[in-house]
């Protein structure tokens with residue numbers, strides 16, 4: 001079956017019944033709780049998985065400009081001579097010249113081809129062993145290839161020194177010292193002296209003998225003022241210190257002596273300039289002049305440097321050639337033929353695709369070999385990818401060969417109402433016919449703890465203790481829902497009409513605690529229902545019992561008749577109620 005035929009087979013209207021059938025097979029437990037209205041809006045988006053492989057060629061004109069070093073000049077001679085020797089364009093059979101030039105880290109630059117010279121692209125694509133060869137031979141353009149005088153040095157090989165301080169002078173007076181070789185000493189501000197660090201500029205320092213107190217202990221009496229033991233009349237008082245125990249220091253004046261390092265001046269000679277106030281100029285190393293390190297000093301080349309363009313060759317070579325680059329492409333894309341679905345991504349669709357699908361050759365455009373085998377879909381897909389890659393069929397960059405596989409992945413989006421929670425939720429079925437995958441965009445049975453739930457649980461406990469009317473009504477409601485589920489499930493599957501009746505009777509589960517909700521969800525999901533007990537059918541009033549029995553009978557008759565299993569379960573419920 002062709003790709004297009006398979007795609008057309010799937011391009012059909014999808015009904016609500018088709019959607020129900022898929023969900024019932026893939027998610028039977030969830031389907032039991034889903035109410036999908038027969039008038040629900042079904043949105044179908046036709047996604048296509050596209051796998052593309054191809055080969056393209058691009059031809060660009062490149063220019064190499066290089067110094068004519070002797071080894072290069074010898075080889076380059078074979079490229080000279082213009083159109084007279086080589087014609088409009090000429091094949092480069094040996095790329096040794098390009099190898100030599102690349103050794104000097106010289107790279108070719110792209111050129112805008114002259115309109116009148118577009119024929120330089122007109123030569124065959126090289127093929128070997130049934131495949132496009134890579135690499136392809138280059139073709140040079142003789143009319144644009146040759147040698148010329150270096151535009152920077154005009155063939156002189158050297159240019160004036162480009163050092164802005166030199167500009168060809170080679171040697172000049174030092175701008176720092178103006179040729180004097182000396183500079184003002186910054187340490188002493190040219191005074192020749194700096195403050196004495198020992199006395200901090202005071203010119204004196206503390207006396208070492210008296211520690212700056214200006215007095216010393218009396219050596220005669222030892223400092224107590226008496227010679228021997230003191231007498232009542234004081235006759236043995238020390239005569240040297242007159243009984244004071246101390247006398248003035250003879251070594252200093254008021255506790256200070258003259259600073260020795262600076263001899264009392266408060267300053268010493270500057271250690272940088274040795275008192276001269278000047279230091280040698282570091283910029284010129286005390287020579288008074290600067291010699292340029294960049295340019296030559298000999299008479300023939302004074303103030304000159306090597307020409308950076310021609311590297312002192314004086315002549316430049318220029319090679320213009322056409323280079324062909326072959327590129328292989330392998331691309332996977334998801335393309336939507338109508339409105340995309342907001343809640344799914346291209347990657348989700350991609351994950352459902354047949355990535356092993358075999359590509360088919362749709363186009364060959366190599367020299368004289370021409371093949372085209374597009375259908376309207378593959379033509380559109382190929383063109384979209386060509387535009388993305390920036391390649392064309394007629395001009396360079398040119399697509400030479402392309403293969404394609406595509407697969408329709410119809411994706412269906414709609415919504416349902418959850419039978420127990422009475423809430424609406426959306427879902428999408430990816431790849432509806434072949435390998436369907438259902439994506440539910442929300443989870444109605446996802447229960448989260450909250451302050452409100454805690455309050456409901458507290459209210460339930462309070463109501464249970466005091467038997468409040470609201471508590472009894474809620475308990476009756478919960479038991480009624482359980483019994484409805486029993487009757488609906490007893491024949492093996494809950495019909496849509498039964499789901500509708502149960503949902504209408506439930507309304508919502510807002511008043512129930514999380515534990516109660518889990519219990520009801522569990523009853524819906526369980527395959528084998530537990531045996532009913534007297535507690536399951538105990539209600540707060542006879543009026544409630546009568547109405548509940550009527551509701552159960554309505555569910556059993558919803559599909560037109562009451563089967564034996566439904567009758568038996570209702571009879572069992574009545575029997576338990578009457579015990």
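Here, each number is a calculation from the coordinates, and none is a lab measurement. Worth saying up front: this structure is predicted, and the values here are computed from it rather than measured. Every residue, glycine as well, gets a Cβ built from its backbone with ideal geometry; the counts of neighbours run over all protein chains shown.
Here are some notes:
- Selection within the stretch 316-341 - in a loop (DSSP other than H, G, I, E, B) and surrounded by fewer than 18 Cβ atoms within 10 Å (Cβ to Cβ): 337, 338, 339, 340
- Residue check for residue 360: free of Cβ contacts under 8 Å to residues at least 24 places away in the same chain and under 20 Å from residue 328 (Cβ atoms): no
- Within the option set 295, 249, being more than 60 Å from the chain's Cα centre (by Cα) and surrounded by 15 or more Cβ atoms within 10 Å (Cβ to Cβ) holds for one residue only, 249.
- Qualifying position, being closer than 30 Å to residue 188 by Cβ and in contact with a strand residue (DSSP E or B) (Cβ under 9 Å, 6 or more places away or on another chain), among 287, 276: 276
- Complete set of residues in the stretch 148-160 that are crowded, with 16+ Cβ neighbours inside 10 Å and not in a loop (DSSP other than H, G, I, E, B): 158, 159
- Test: residue 344 is surrounded by 14 or more Cβ atoms within 10 Å (Cβ to Cβ), touching a helix residue (DSSP H, G or I) at 6+ places or on another chain (Cβ under 9 Å) and not in a helix (DSSP H, G or I): no
- Residue list for the stretch 358-383, filter: closer than 12 Å to residue 403 by Cα and in a loop (DSSP other than H, G, I, E, B): 358, 359, 373, 374
- Close pairs from the stretch 89-114: first free of Cβ contacts under 8 Å to residues at least 12 places away in the same chain, partner in a loop (DSSP other than H, G, I, E, B), Cβ under 7 Å, at least 6 apart: none
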